[in-house]
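Below is one structure, written out as structure tokens; comments come after it.
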Protein chains: 2
Amino acid sequence: MIKTVAIQGVKGSFHHIVSQQFFDNDVKAMECLTFDGVVEALINGDCDAAIMALENSIAGSIIPNYALIDNRNLHIVGEHYLDIQHNFMALKNQSIADIKEVYSHPMALLQCKEFFKQHPHIKLIEDKDTAEVAQRISTHKLKGVGAIASVMAADIFELDILAHSIQTIKHNETRFAIVKRTNSEIVEAETNKASLKFEANHKRGSLAAILNVMSDCKLNLTKIQSLPIIETPWKYAFFVDVTFEDFSDFKKAKSLTEIMADNFKVLGEYKNAKL
Amino acid sequence: MIKTVAIQGVKGSFHHIVSQQFFDNDVKAMECLTFDGVVEALINGDCDAAIMALENSIAGSIIPNYALIDNRNLHIVGEHYLDIQHNFMALKNQSIADIKEVYSHPMALLQCKEFFKQHPHIKLIEDKDTAEVAQRISTHKLKGVGAIASVMAADIFELDILAHSIQTIKHNETRFAIVKRTNSEIVEAETNKASLKFEANHKRGSLAAILNVMSDCKLNLTKIQSLPIIETPWKYAFFVDVTFEDFSDFKKAKSLTEIMADNFKVLGEYKNAKL
């Protein structure tokens, strides 16, 4: 039974939205400053699960989070997709003309650059988070200051949204993993996706041979990402996500890949959130 | 003839070091605030080439830079590897005990977190760049303030290095691309690496079939990265780097992949920097 879920950021953050959408709204969000903090909370047993962004369609994979899951031997027990929408918000009863500066995460500022070009009187200032700025504006009643955050953050901190969806690229789908200390008991009939990690060398054909086996076992590839292994030149780690219809097909592919690749590891077996 | 090279950051930055190591020391570095600025300078003809980080062993691919090269139809004409070493520096004649705060890029602060845990009297403050802080300390003679930057930055801005290589992970190899508006005339005998982009769907076997062809043509895979194409569910773009001994093998693989994959594109053909 999931009661407390660790999130990166404060309430109203995108990780918080995911925790509410994936679990029941009744789960308690445990706010952590960093992803390291999220993982510590999970390992120490301070929470039952954690939410971690894995990749987004603009920036690609968030490799440090893959590394945390891998190095700390956590288990991906589910996934959730969220279309990140940035909204410009401030204390109530102000217009865009009243706002002198906006504080936000560098990535959010970058993604909303075109919008602020139309409002050159607003100074952009880098901050460490998105929703946390909304909270600060609310707590300290900061007039003339704007935040870029989610609709949920505006609701929670009682701010007015001055402009909706101000990001340049209108769809930025982000994929989040739901992570636990140990894998849940797997219901094979409901499990149709897996995240794998293995190593192979760069010699021609070694990755192709492994992908052939997966394809022969009727697995579809939905993600592949190589990462050089520093200490071992010419050897690469691969993070691969596969979907399948029949869990027995996956089991067969798993036993074969285990033999063909080095350091084969299942990071998680779960239900595909995209159907 | 390369005279001016656009770099992201100021002199003493890692991009500057790459421009000096890859070209003759006589090339002029053109300082740009952002990668967008680097690309604009190149397209406008304000410089002859540009340096852009592509991936590093901690964070993986820098997808926005791949997107810039792809979308603006630039050409990768070379690559260069640099082991990023972070050094703690300040105005001369100060010790670590004298330093009250250190300003740097969030990623640099994160990578040096363990070092600063041993010096809890130093406050960590996020800034937009690494070398630019070194420059600021030097220009304004800021006492009690530290920067995290390269040895070259310490030299240029005449700062003392208080501690060398303070990053937790001792090797963070970063791969940089040397980019031009058009491809140089290719000397086939000296060209043994290429960066490719193509699209394929997630159906089982479609990527494996393409990798099989590459392997049959004696190509080695040194990098692969999938990226979902938002507007087209279940279709993926792949960025792939390959090495080969004989350019004619690559040409054969190129013509076959062009037929098998959608929107096949060569981002660059160049000399492998790792031998």
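The values are calculated or read from the model by the stated rules, or taken from the named source; none is laboratory data. Nothing here was measured: the structure is a model prediction, and the numbers come from that model. Glycine gets a Cβ as well: all are built from the backbone with ideal geometry, and neighbour counts include every protein chain shown.
A compact table of results
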{"item": "Among residues of the stretch A:21-44, those that are in contact (Cβ under 8 Å) with a residue 60 or more places away in the chain, of a type outside the set (Val, Ile, Thr) and surrounded by fewer than 19 Cβ atoms within 10 Å (Cβ to Cβ), counted", "result": "1"}
{"item": "Lone unmet requirement of (1) in contact with a Ser or Thr (Cβ under 9 Å, 6 or more places away or on another chain); (2) closer than 18 Å to A:Phe14 by Cβ; (3) crowded, with 19+ Cβ neighbours inside 10 Å for A:Ile63", "result": "(2)"}
{"item": "Hits in the stretch A:93-114 (condition: under 26 Å from B:Met107 (Cα atoms) and buried (at least 19 other Cβ atoms within 10 Å of the Cβ))", "result": "A:Val102, A:Tyr103, A:Ser104, A:His105, A:Ala108, A:Leu109, A:Gln111, A:Cys112"}
{"item": "Residues that are in contact with a Leu (Cβ under 9 Å, 6 or more places away or on another chain) and either modelled with pLDDT under 95 or over 30 Å from A:Leu74 (Cβ atoms) (or both), drawn from the stretch A:150-167", "result": "A:Glu158, A:Leu159, A:Asp160"}
{"item": "Matching option when the condition is over 30 Å from B:Ile137 (Cβ atoms), more than 12 Å from every other protein chain (Cβ to nearest Cβ) and touching a Leu at 6+ places or on another chain (Cβ under 6 Å), among B:Ile96, B:Ile76, B:Ile43", "result": "B:Ile76"}
{"item": "Search result, residues across the stretch A:187-196 that are in contact with a Phe, Trp or Tyr (Cβ under 8 Å, 6 or more places away or on another chain) and in a loop (DSSP other than H, G, I, E, B)", "result": "A:Thr191, A:Asn192"}
{"item": "Given (1) of a type in the set (D, E, K, R); (2) under 21 Å from the mean Cα position of the chain (by Cα); (3) more than 25 Å from B:Pro228 (Cα to Cα), index of the condition A:Lys170 fails", "result": "(3)"}
{"item": "Residue among B:Leu221, B:Leu211, B:Leu207, B:Leu227 that is within 8 Å of another protein chain (Cβ to nearest Cβ), touching a Phe, Trp or Tyr at 6+ places or on another chain (Cβ under 9 Å), of a type outside the set (S, T, N, Q) and part of a helix (DSSP H, G or I)", "result": "B:Leu207"}
{"item": "Matching residues, the stretch B:20-42, being among the β-branched types (Val, Ile, Thr) and either at pLDDT 95 or above or part of a strand (DSSP E or B) (or both)", "result": "B:Val38, B:Val39"}
{"item": "So A:Phe239, is it more than 10 Å from chain B (Cβ to nearest Cβ), surrounded by 22 or more Cβ atoms within 10 Å (Cβ to Cβ) and within 20 Å of A:Asp70 (Cβ to Cβ)", "result": "no"}
{"item": "Residue list for the stretch A:94-123, filter: of a type in the set (A, V, I, L, M) and modelled with pLDDT of 90 or more", "result": "A:Ile96, A:Ala97, A:Ile99, A:Val102, A:Ile122"}
{"item": "Top-ranked residue in the stretch A:124-133 [being in a strand (DSSP E or B) and in contact with a helix residue (DSSP H, G or I) (Cβ under 6 Å, 6 or more places away or on another chain); ranked as modelled with the lowest pLDDT]", "result": "A:Glu126"}
{"item": "Residue identified as in a loop (DSSP other than H, G, I, E, B) and either touching an Asp or Glu at 6+ places or on another chain (Cβ under 8 Å) or closer than 27 Å to B:Gln167 by Cβ (or both) among B:Ile17, B:Ile58", "result": "B:Ile58"}
{"item": "Count - residues of the stretch A:224-271 that are modelled with pLDDT under 90 and among the hydroxyl-bearing types (Ser, Thr, Tyr)", "result": "3"}
{"item": "For B:Asn93: the one exception among (1) out of contact with any Lys or Arg (no Cβ under 9 Å at 6 or more places or on another chain); (2) part of a helix (DSSP H, G or I)", "result": "(2)"}
{"item": "Residues being assigned to a strand (DSSP E or B) and either modelled with pLDDT of 95 or more or among the polar types (S, T, N, Q) (or both) - total across the stretch B:43-55", "result": "4"}
{"item": "Residues that are at pLDDT 95 or above and aliphatic (A, V, I, L, M), drawn from the stretch B:168-200", "result": "B:Ala177, B:Ile178, B:Val179, B:Ala194, B:Leu196"}
{"item": "For B:Val77: the one exception among (1) touching a Ser or Thr at 6+ places or on another chain (Cβ under 8 Å); (2) modelled with pLDDT of 90 or more; (3) buried (at least 16 other Cβ atoms within 10 Å of the Cβ); (4) more than 30 Å from B:Ile229 (Cα to Cα)", "result": "(4)"}
{"item": "Residues (buried (at least 17 other Cβ atoms within 10 Å of the Cβ) and part of a helix (DSSP H, G or I)) located in the stretch B:134-176", "result": "B:Ala134, B:Gln135, B:Arg136, B:Ile137, B:Ser138, B:Met152, B:Ala153, B:Ala154, B:Ile156"}
{"item": "Candidate set from the stretch B:46-73 (those that are within 14 Å of chain A (Cβ to nearest Cβ) and of a type in the set (D, E, K, R)); member that is farthest from B:Ile186 (Cα to Cα)", "result": "B:Glu55"}
{"item": "Test: residue in the stretch B:184-192 that is touching a Lys or Arg at 6+ places or on another chain (Cβ under 6 Å) and buried (at least 19 other Cβ atoms within 10 Å of the Cβ)", "result": "no"}
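Residues are listed down the side, and each one gets a yes or a no for (1) in contact with a strand residue (DSSP E or B) (Cβ under 9 Å, 6 or more places away or on another chain); (2) under 30 Å from A:Thr191 (Cβ atoms):
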{"residue": "A:Val77", "(1), (2)": "yes, yes"}
{"residue": "A:Ser95", "(1), (2)": "yes, no"}
{"residue": "A:Asp127", "(1), (2)": "yes, no"}
{"residue": "A:Thr139", "(1), (2)": "no, no"}
{"residue": "A:Phe157", "(1), (2)": "yes, no"}
